[in-house]
1. How many residues are touching a helix residue (DSSP H, G or I) at 6+ places or on another chain (Cβ under 9 Å) and not hydroxyl-bearing (Ser, Thr, Tyr) if we restrict to region 284-304?
2. On the given criteria, is ILE248 modelled with pLDDT of 95 or more, in the same structural domain as GLY309 (by TED's automatic domain parsing), outside any loop (DSSP other than H, G, I, E, B) and more than 26 Å from LEU344 (Cα to Cα)?
3. ILE280 passes all but one of (1) within 23 Å of GLU52 (Cβ to Cβ); (2) among the β-branched types (Val, Ile, Thr); (3) surrounded by fewer than 21 Cβ atoms within 10 Å (Cβ to Cβ); which number fails?
4. Looking at region 363-376, which of its residues are within 25 Å of ILE258 (Cα to Cα) and either in contact with a strand residue (DSSP E or B) (Cβ under 8 Å, 6 or more places away or on another chain) or not assigned by TED's automatic domain parsing to the domain that holds ALA336 (or both)?
5. Report, by residue number, each residue of region 353-379 that is under 19 Å from the mean Cα position of the chain (by Cα), modelled with pLDDT of 90 or more and buried (at least 20 other Cβ atoms within 10 Å of the Cβ).
6. If you take the residues of region 285-299 that are buried (at least 19 other Cβ atoms within 10 Å of the Cβ) and either under 19 Å from the mean Cα position of the chain (by Cα) or aromatic (Phe, Trp, Tyr) (or both), which of them is nearest to GLY328 (Cα to Cα)?
Amino acid sequence: MERSSIKNREVKILKLGFIVNPIAGMGGKVGLKGTDGEEVLEKAIELGALPESPKKAKKALEILIPIKDQITLLTGPGNMGEEEAIELGFNPEVVGEVKDKYLSEDTEKVAVDMVQQGIDLLLFAGGDGTARNIFNAIGDKVPVIGIPAGVKIHSGVYANHPRSAGEVALKYLQGEEMKVKEMEVMDIDEEAFRQGQVTAKLYGYMKVPFEPELVQNQKSGGIVGEEAALDGISDKIIEQMEEDVIYIIGSGTSTRPIMEKLELPNTLLGIDIVKNRELIASDVNEKEILKYIEGNKAKIIVTVIGGQGYIFGRGNQQISGQVVKKVGKENIIIIASKQKLMSLEGRPLLVDTGDDEVNSMFNGYMKVRTSYTEEAIHMVKGL
């Protein structure tokens, strides 16, 4: 659900706010499905998680380098935006004080202070938790654009790729005529998420400069008729399973029937590993996947995120660019019902692993298993 208006500005917007949630996305590759809460963050660090958000934030901000002398850039302190901006040659005005670690309250305070200082657009990097913080702080007082850097990205305020966020900001700051839409701020309960339950809640709306090719749709739920299609798809996948091959089973309800028919426990929102129709590991992280596929032939089974079209990079970050590279594009099996593909309205499937080389590997067309008897050919775009 979205409401829209046309905004035509004669004067260029010169004041940009830039906030980075430095810990966003750290739980993804290590299989924690988010980093909300200090205990979860500590566990992510113990498991070897590295910051993902700062490099994604830089990918967005570097798009604005051509106009850096024409804008005033306000950033969060330290690794909340200041460091990334300086590394790219900006001379930012810093809002807030440098600390050893930042909490969600710091994000909210910096956002409030930036609005009080008259920013015209806020560019922020994080996930759904960060979007909630921004919404709590400033509501719809100024337009925003989210740089996708978190594990959970259900909200419609995010661009479909970090560079896309920069491109939207650039157009807006240069005064191009753009539609400004009120887009949903969504979040799910991480604890329930870890137990395999998705309970998404609408928290409100924020104004977003909207470019259909660059801003993601809110994730859509199941489509009527999908169950029958998935039943046939799972039968075909199981029939074609090869002996001694490692199968990396992606997250989501579309892959669940495969596990149910194999009579194996399934991690709905995590990654499981199957060999010779037996479960050899469940809810694995990136390091564990790499360990299991070392020296073995492997295949990845993934589905399409309805409404958005992502096959990698949303909710399955454990299947990282490194994993995809080792397995090989030719060993990736994409499954989706025809209805789910139709919900994309002609848009391509998307790949955003965080590795540009891997993303570009996917540009072109790939087969998608849509029923027991049929496959579709669908365009894939690496972001």
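1. Keep residues of region 284-304 that are touching a helix residue (DSSP H, G or I) at 6+ places or on another chain (Cβ under 9 Å), which gives 284, 286, 289-290, 293-294, 297-301, 303-304.
With not hydroxyl-bearing (Ser, Thr, Tyr) added as a condition, the list becomes 284, 286, 289-290, 293-294, 297-301, 304.
So the answer is 12.
2. Values: modelled with pLDDT of 95 or more: yes; in the same structural domain as GLY309 (by TED's automatic domain parsing): yes; outside any loop (DSSP other than H, G, I, E, B): yes; more than 26 Å from LEU344 (Cα to Cα): no.
Answer is no for this residue.
3. (1)
4. Residues of region 363-376 that are within 25 Å of ILE258 (Cα to Cα), as a first pass: 365-376.
Residues satisfying the conditions are TYR365, MET366, LYS367, VAL368, ARG369, THR370, GLU375, ALA376.
5. VAL358, ASN359, PHE362
6. Among residues in region 285-299 that are buried (at least 19 other Cβ atoms within 10 Å of the Cβ) and either under 19 Å from the mean Cα position of the chain (by Cα) or aromatic (Phe, Trp, Tyr) (or both), the one nearest to GLY328 (Cα to Cα) is GLU286.
The values are calculated or read from the model by the stated rules, or taken from the named source; none is laboratory data. Note that the structure is predicted; figures quoted are calculated from it, not measured. FYI the Cβ positions are ideal-geometry reconstructions off the backbone, even for glycines, and counts take in every protein chain you see.
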